[in-house]
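Data block below; observations after.
The values are calculated or read from the model by the stated rules, or taken from the named source; none is laboratory data. The structure displayed is predicted, hence computed values, not measured ones. Because the Cβ atoms are built from the backbone with ideal geometry, glycine has one as well, and the counts that use them run over all protein chains shown. Heavy atoms of the whole protein, side chains included, go into the accessibility calculation; ligands, DNA and RNA do not. Shrake-Rupley method; radii C 1.70, N 1.55, O 1.52, S 1.80 Å.
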Amino acid sequence: DKAEDKAKKASSNNVKMIHMIEALSWGDAGIYLCTPSSALGGAAINAVGTPEQKERFLRRFTEGAPKWGAMAMTEPHAGSDTSNIQTTARLDEATNEWVINGEKIYCTSGALATEESNGLVVVWATVDRAAGRSAMKPFVVEANTPGMSVVKKERKLGIRASDTVSLLFEDCRIPYDNILGTIDAPKAGPTNGQDKGFKGAMKTFDSSRPWVAASAMGIARAAFEFTRDTLKKEGITVTYGAPKHKLTSVQRDLLEMEMDIQAGWLLTVRSAAYMDQGEPNSLEAAMAKAKAGLVVTRVTQKAVELLGPLGYSHEFLVEKWMRDAKINDIFEGTGQINTLIVARRILGYTRRELK
């Protein structure tokens with residue numbers, strides 16, 4: 001019965017999505033990030049929202065004019081350690097509203113999601129700082145809500161087509177039922193269970209990490225193909241199947257670049273396929289993200305190296321690809337954090353046992 005249920009729920013939506021993101025990123029890494037969609041906000045709603053909330057908040061993205069979604073997680077004192085967030089959400093029982101206070105940084109598409117009509121931001125906040133990560137909950141804040149404002153727009157090394165902002169929440173009031181997940185009576189507050197809020201955040205990353213990995217693979221493929229084709233014009237080609245000792249150093253570099261891209265892409269496809277089959281993909285998503293971030297960094301740096309001064313100049317796009325590449329090793333969990341996740345999953349260690 002369980003197998004039949006999973007078969008009914010199976011789809012190819014996530015595999016289709018990563019193919020689209022990879023192709024768009026081959027063109028420009030910022031395109032998929034600045035295309036109207038529910039984005040990370042939608043991933044969070046899908047991960048922890050109730051059926052009613054999914055219908056209420058996500059329906060807008062399939063209707064009418066372009067809509068924007070974003071997720072606000074990172075804080076000045078809570079980067080990779082998301083359980084240490086300080087932004088608070090207090091229930092005002094007199095008005096039955098949540099009151100959010102705090103600051104969020106590095107929010108992708110934050111300006112568009114907060115300023116455009118029908119946009120939304122999923123804000124992760126704590127309902128009790130003393131309770132640790134069990135009190136961490138997601139809240140949907142609609143665009144143009146009083147008390148939410150953009151206080152800084154980042155000037156970035158790469159992905160400049162996408163806006164990245166800092167958001168300030170000052171007594172930002174939202175309806176009680178804008179807390180994502182199952183809720184109890186208003187005075188009792190959220191009943192998502194011990195650590196479920198934190199686990200919901202991690203489930204969101206399980207959905208979004210394959211997207212980031214796909215983008216990394218698109219950038220890496222663009223850099224590799226351009227470098228290969230440029231060197232081919234100079235008479236440098238790779239003979240597949242030849243022993244390594246019969247290849248030049250440049251030929252070996254090209255082979256290793258292509259090999260790494262194929263390995264990263266296969267891991268990315270597998271992590272998305274697990275989601276489409278309704279299977280847990282925490283390990284697979286972390287593996288894909290860790291590998292992709294490493295691959296795209298190496299491949300783009302090698303592309304600049306192989307093309308020499310022209311690779312470093314604005315004459316070619318490889319310097320741009322190298323700038324765009326590095327973020328894929330940072331956001332949605334750094335390479336180090338994802339490597340830790342992989343190690344914990346494979347070795348069976350807890351968060352306390354392996355840091």
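Report note on the peptides 23-29, 140-146: ranked by the mean count of other C-beta atoms within 10 Å, highest first, their order is 23-29, 140-146.
With an 8 Å Cα cut-off and a minimum separation of 6 or more residues, compute the relative contact order for the chain in percent.
Numbers: 673 pairs, mean separation 64.1, N = 355.
Reported as a whole number, the value is 18 percent.
In segment 42-189, Cα pairs under 8 Å separated by at least six residues give a relative contact order of 26 percent. Surface composition of segment 297-355: carbon and sulfur atoms hold 58% of the protein heavy-atom accessible area at a 1.4 Å probe. All Cα-Cα separations within segment 251-323 were binned at 5 Å from zero, giving a P(r) of 3, 17, 20, 17, 15, 11, 8, 5, 2, 1, each value a whole percent of the pairs. Here segment 30-110 has 51 percent of its accessible surface on carbon and sulfur atoms, given a 1.4 Å probe and all protein chains in place. In sequence order, segment 255-270 has phi-based couplings of 5, 5, 4, 5, 4, 5, 5, 5, 5, x, 5, 4, 5, 5, 4, 5 Hz under the Karplus curve 6.51 cos²θ - 1.76 cosθ + 1.60, θ = phi - 60°, and Gly or Pro positions carry x. Between Ser162, Ser271, Ser11, the GNM of the chain built on Cα springs shorter than 10 angstrom shows Ser11 fluctuating the most.
Averaged over its residues, segment 28-185 has an accessible area of 43 Å² per residue, based on protein heavy atoms and a 1.4 Å probe.
So for the chain: antiparallel DSSP bridges make up what percent, rounded to the nearest 5?
Working: 29 of 34 bridges.
The answer is about 85 percent antiparallel.
Which of Trp211, Trp98, Trp124 ends up with the largest GNM mean-square fluctuation for the chain, with Cα atoms connected below 10 Å? Ranking Trp211, Trp98, Trp124 by mean-square fluctuation puts Trp98 first. Only helical runs count toward this figure. For the chain, summing -39,500 (n - 2.57) over DSSP H runs of n ≥ 4 and dividing by all residues gives -15500 deg cm²/dmol at 222 nm.
Counting pairwise Cα distances across the chain, what percent come out greater than 37 angstrom? Mind showing how you got there, number by number?
Details: 14291 of 62835 pairs.
Value for the chain: 23 percent of Cα pairs lie more than 37 Å apart.
Taking the chain as a Gaussian network, Cα atoms linked when under 10 Å apart, which of Val250, Val296, Val304 shows the biggest mean-square fluctuation? Comparing Val250, Val296, Val304 in the GNM, the peak value goes to Val250.
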